[in-house]
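One structure below.
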Amino acid sequence: MTQIQMLQKELEKEAVTTRKMLERVPEEKFDWKPHPKSGTLKWLATHVAELPGWVEMTLQTSELDFAQNPYKPETINSKDELMAYFDRSLAKGRAALSQATDAQLNDMWTLRSGDQVYSTDSKADVLRMAYCQTVHHRAQLGVYLRLLEVPIPGSYGPSADEMNF
């Protein structure tokens, strides 16, 4: 199995779990946040939904410069829009991987804000980080949902809400 095939397989597996989690987000609680320093439920869910699109960005560019491209989250106003955004992001990630080569994964990619360089890593490492970001922020989303009394779907096996205790 090539590196690209492994990345494709992992993208698909994580997409199933991510979709289940995003489907549970209650739009009537979009503005809720667990702490003043936390982002809102809508911000976090939107970020989770966008992460598969990082695959395309990584493979088709050599850097992200926040000084030139300030971060602007997608405007989401409903759960239907959230799910459509996830589907578009996932489609972009799938399409980019379908055109990628293992050799391309050795190319370097930089995250910066103007002259301040945060990191320079191989595209393979950046893709792994993006996948880890998905798992990390999806887990945060699970905590938000738990605090809102929303049953949590299982990720790598059944959740406590799916078990018979």
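Each value in this text was obtained by applying a stated rule to the coordinates, not by laboratory testing. What you see is a predicted model, and the numbers here were worked out from it, not measured in a lab. When we count neighbours, we look across all protein chains shown, and the Cβ atoms used for this are built from the backbone with ideal geometry, even at glycine.
According to the square roots a ≥ b ≥ c of the eigenvalues of the Cα gyration tensor, what is the shape class of the range 32-144, taking rounded for a/c under 1.5, prolate for a/b larger than b/c otherwise, and oblate for the remainder? Prolate, since a/c reaches 1.5 and a/b exceeds b/c. Near Ser78: Cβ cut-off under 11 Å, other residues only, Lys/Arg at +1 and Asp/Glu at -1. The net charge is -2.
Pairs of Cα atoms under 8 Å, at least six residues apart: use those to get the relative contact order of the range 90-135, whole percent. Display every interim value, and only then the final one.
Details: 29 pairs, mean separation 12.6, N = 46.
Relative CO of the range 90-135 lands at 27 percent.
Over the chain, what is the percentage of antiparallel beta bridges among all DSSP beta bridges, to the nearest 5?
Numbers: 6 of 9 bridges.
Just about 65 percent of them are antiparallel.
Taking a sphere under 15 Å around the Cβ of Asp115 and counting the other residues whose Cβ falls inside, with K and R at +1 and D and E at -1, yields a net charge of -1. Treating the angle as unsigned and between 0 and 90°, give the value, to the nearest 10°, between the Cα long axis of helix 79-99 and the longest Cα principal axis of the chain. The angle comes out near 30 degrees. Taking the longest Cα principal axis of the chain as reference, the axis of helix 123-147 is set at about 10 degrees.
Over the chain, what is the relative contact order in whole percent, taking alpha-carbon pairs under 8 Å and six or more residues apart?
Details: 202 pairs, mean separation 48.1, N = 165.
Relative contact order for the chain comes out at 29 percent.
Take the alpha carbon gyration tensor of the range 1-59, find the square roots of its eigenvalues, order them as a ≥ b ≥ c, and report rounded if a/c is under 1.5; if not, report prolate when a/b exceeds b/c, else oblate. Before the final figure, lay out the partial values.
Values: a/c = 3.50, a/b = 2.18, b/c = 1.60.
Prolate, because a/c is 1.5 or more and a/b exceeds b/c.
Seen from Ser159, the other residues with C-beta closer than 13 Å to its C-beta sum to a net charge of +2, counting Lys and Arg as +1 and Asp and Glu as -1.
For the chain, adding -39500 (n - 2.57) for each run of n ≥ 4 DSSP H residues and dividing by the number of residues yields -17000 deg cm²/dmol at 222 nm. Relative to the longest principal axis of the Cα atoms of the chain, the long axis of helix 41-50 lies at roughly 40 degrees.
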